[in-house]
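The values are calculated or read from the model by the stated rules, or taken from the named source; none is laboratory data. Since the model is a prediction, treat every value here as computed from it, not as a measurement. No Cβ is skipped: glycine too gets one built from the backbone with ideal geometry, and neighbour counts run over all protein chains shown. With ligands, DNA and RNA removed, areas are computed over all heavy atoms of the protein, side chains included. Shrake-Rupley method; radii C 1.70, N 1.55, O 1.52, S 1.80 Å.
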Amino acid sequence: MNREKPIATKKNIQVLITILFLFIFAAMVSLVAIYWLFILEPRLKLSVESNYRVVATLQAKILADILSMPVDNLTRNRLIRAIENMLLLEDPVTKRPFIVKMSMTLDYDVIKTRNGTLDVELGDVACKDCIVTQVPLYMNTTKELIGLIVVYCSSESFNRLTNDVRVRLFTGLAIILVLLFVGWLATYGLISEQKRLTGRLVKSHTYIENIMSSIHDAILIIDKNGVILSINEHLTQMLGFQEEEIITSNLNTIIKGDDSDNKDFVKEIILTKLINNEIVGNLEILLMRKDGQSVSVLLSASNISESVEQTGSIICIARDITDIKAKEMEIQEKNTQLVHAGRLSALGEMSTGVAHELNQPLTIIRLAAEGIRKYFTKNLEPTEGNAPNVKMEFEAINEIISQVKRATTVINNMRSFARLNVNDYEPIDLSETLDKALSFFREQFRLHAIDLTVTVGEKVPKVRLNSQKFEQIVVNILTNARYALDKKDRKDYTGYKKFVALRLFLSNGIGKAILEIQDNGIGMSEDVRRRCFEPFYTTKDVGEGTGLGLTIVNSIAREFGLTIEVESTEGQGSVFRILIPI
């Protein structure tokens, strides 16, 4: 998982926040400057001019009163003195003249004067920064416009007012900008701290992920409901799933089982034990691969925190023991074969002793019988008078010799079956080997009323096998067939006839020799059929079998590259098909 992306994202956020704060700073400064230049400063000027106009209007009224008097030589002097007094008005703050200059222009069509003009201009003629206010003069009695007065006021009051307002405005702006800068520093610091903590968290996650990846066991974290929260790579490799196919799914989806009762062990085993502070370790279960195959694992589990109720998180470690189970099964099969070989060795020694003890009396019986047959042949030729009696005795002697030969053959086959052949591979005739294996069963099948049919096809070539081990395969399968037939017969099926059919033929399509052993016994269910080759698995009653017969068959088949196919229907019978490479 990529942990660098969150850090890069936070770096981008810091840059964006810095740009945003700079934009807000520039915007505020620009807005305040525009507000000052185009709104506030003109309003202040208008306000000052309005105040100056009021003062100028008052002064114009004074001059209008003077001009309303009769015109004589004293009028100009009065006007000058009045204007000079106006020029003496001081600013209460600066104590400097408030009105810097005044000029008055009259309409002489209305004002009649005897001694020249009454126009007056007094004060600072060079005033450049003055605020000029023009006020009309009206006659007090007639309200006629008699002239215009121009008042030049000092700009100090305006400048002082604008400076005060400017200081307050930009002081407020500075405070806001300082607060904005402090906010930026705080935000930047928080993001930096978060980035630092995220970096530590990323390192911690990376460290944990490296640990989980380095452990060669499957690790998964589940909640108290069995929902998978996290897994490591080894689990995906073990089961063949992608990570997104497992995350957020329930643990039961990857547990091998035929029903929910078998799979719902989270609450019953893991959760219950962890709540009770019991150890969950080496719990052997089967997990299911994506392809449907099962994986044997040893599961251990523990709480991530002190209690399941606090976080509800459980860490499970699953160790794949499939190979170990396979090795154990192989060892069991080898041990089974060793035990079987030991029994065969003991049987061989016993057979040798029995054969030695039986061969002498059988030889004597056979020699005596052949001597009697020669005597009958030579001295008692059948005639019309003694033919029936001699014929009967002659046939009896032949039957004795035949049974002696049969007993000798059985003894020799038993010794050959029990003797360990050093040469594992040799070209053998399958039909002869099959006949030797059947020598143990022909009489048994006859006594058990089992109809035995053997069909051997033509052109079945010799194959390289161990004849004794191939006999073991046939003997074990025929033993199970006899048991299946007898068990079905005990169920008292009306009109039931037991039969075993052996068919040996060559399949040109696949280039293999095929031996089929079919019976109409009790058959097997699908579950039994799948497990019939497992060691110590048996459906026989106690004392009737160990569950090793077909295990030995399967082990020998794998050893010599044979393939065994099983078809079975419960209640109808089974077919064991052995495919032999040629």
- Collect the residues in segment 75-105 that are among the β-branched types (V, I, T), out of contact with any strand residue (DSSP E or B) (no Cβ under 7 Å at 6 or more places or on another chain) and open to solvent by less than 40 Å² (accessible area, probe 1.4 Å), keeping them in residue-number order. T75
- Message: One residue is enough: does segment 181-195 have a residue meeting the conditions among the basic types (K, R) and open to solvent by 80 Å² or more (accessible area, probe 1.4 Å)?
- Response: no
- Restricting segment 31-60 to residues that are open to solvent by 60 Å² or more (accessible area, probe 1.4 Å) and more than 30 Å from M139 (Cβ to Cβ), the one farthest from the chain's Cα centre (by Cα) turns out to be K45
- Within segment 111-135, track down each residue that is open to solvent by less than 60 Å² (accessible area, probe 1.4 Å) and assigned to a strand (DSSP E or B). V120, L122, G123, I131, T133, V135
- Message: Testing L161 on (1) surrounded by 14 or more Cβ atoms within 10 Å (Cβ to Cβ); (2) farther than 30 Å from A26 by Cα; (3) modelled with pLDDT under 85, one condition comes back false. Which one is that?
- Response: (2)
- Task: List the number of the failed condition for D259; all other conditions in (1) open to solvent by less than 80 Å² (accessible area, probe 1.4 Å); (2) modelled with pLDDT of 80 or more; (3) farther than 18 Å from A301 by Cβ hold.
- Result: (2)
- Note on the structure: By residue number, the members of segment 423-472 that are open to solvent by less than 20 Å² (accessible area, probe 1.4 Å) and not in a helix (DSSP H, G or I) are I428, F441, I450, V463, L465, N466
- Message: From the list F38, F21, exactly one residue is at pLDDT below 85 and on the phi < 0 side of the Ramachandran plot. Which is it?
- Response: F21
- Look at segment 103-153 and say how many of its residues are without any contact (Cβ under 8 Å) to a residue 12 or more places away in the chain and of a type in the set (S, T, Y). 3
- Message: Please verify whether E156 is touching an Asp or Glu at 6+ places or on another chain (Cβ under 8 Å) and open to solvent by 30 Å² or more (accessible area, probe 1.4 Å), treating the condition exactly as stated.
- Response: yes
- Given Y108, Y138, which one is under 15 Å from L58 (Cα atoms) and open to solvent by 40 Å² or more (accessible area, probe 1.4 Å)? Y138
- Task: Check segment 213-233 and report whether any residue there is assigned to a helix (DSSP H, G or I) and modelled with pLDDT under 80.
- Result: yes
- Task: Report yes if E244 is assigned to a helix (DSSP H, G or I) and under 11 Å from the mean Cα position of the chain (by Cα), otherwise no.
- Result: yes
- Query: Which one is farthest from V566 (Cα to Cα) among residues in segment 490-505 that are open to solvent by 50 Å² or more (accessible area, probe 1.4 Å) and in contact (Cβ under 8 Å) with a residue 40 or more places away in the chain?
  - Reply: K497
- Query: When only residues in segment 473-485 that are surrounded by fewer than 20 Cβ atoms within 10 Å (Cβ to Cβ) and within 51 Å of the chain's Cα centre (by Cα) count, which is farthest from T433 (Cα to Cα)?
  - Reply: Y483
- Item | Candidates I275, I317, I324 - the one that is under 18 Å from Q237 (Cβ atoms), at pLDDT 65 or above, out of contact with any strand residue (DSSP E or B) (no Cβ under 6 Å at 6 or more places or on another chain) and not charged (D, E, K, R) | I324
- Query: Does R168 qualify as being free of Cβ contacts under 8 Å to residues at least 24 places away in the same chain and assigned to a helix (DSSP H, G or I)?
  - Reply: yes
- Query: Which condition number does I211 fail, the rest of (1) more than 14 Å from the chain's Cα centre (by Cα); (2) β-branched (V, I, T); (3) open to solvent by less than 60 Å² (accessible area, probe 1.4 Å) being met?
  - Reply: (3)
